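Visitor: My structure is below; once you've seen it, I'll send some questions.
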Amino acid sequence: MPLFYFDSYENGVLTPDDVGLELSDIEAARLEAAKSLDDLSADAQHIDRHELAVVVSNHAREPLLMAILVFDVVDLASAAQAISRSSE
């Protein structure tokens, strides 16, 4: 079975995968990347904006795909005021 690596990024900070996982194919790796993002988001401290990513690479460490999750809190009252001021 092919070996895949899942390097994770949290707000641009890399945590490399030094072990990897043997999975049946790229679709299994895609699902694993999504599960990894779910796990990372459960542990993340969501303040205002939080960016998480998982880069999937093959056995030669060539990137194959990237799964991204962005958590952002927008203050709608402030945004509406800014839009209102800019249209005056």
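Where a number appears in this text, it was derived from the coordinates with a stated rule and is not lab data. If you're wondering where the values come from, they're calculated on a predicted model, not measured in any experiment. Cβ coordinates were reconstructed from backbone atoms using ideal geometry, including for glycine residues, and neighbour counts include every protein chain displayed.
Visitor: Taking the C-alpha atoms of region 1-76, how large are the radius of gyration and the largest Cα-Cα span, Dmax, in Å?
Guide: 13.3, 49
Visitor: Using 0.36 nm per residue of separation minus the Cα-Cα distance, give me the extension gain between E27 and L69 in nm, one decimal.
Guide: Net length gain for the segment: 13.3 nm.
Visitor: Name the residue from M66, Y5, L76 whose Cα lies farthest towards the positive end of the charge dipole of region 3-86, charges +1 on Cβ of Lys and Arg and -1 on Cβ of Asp and Glu.
Guide: Value: L76.
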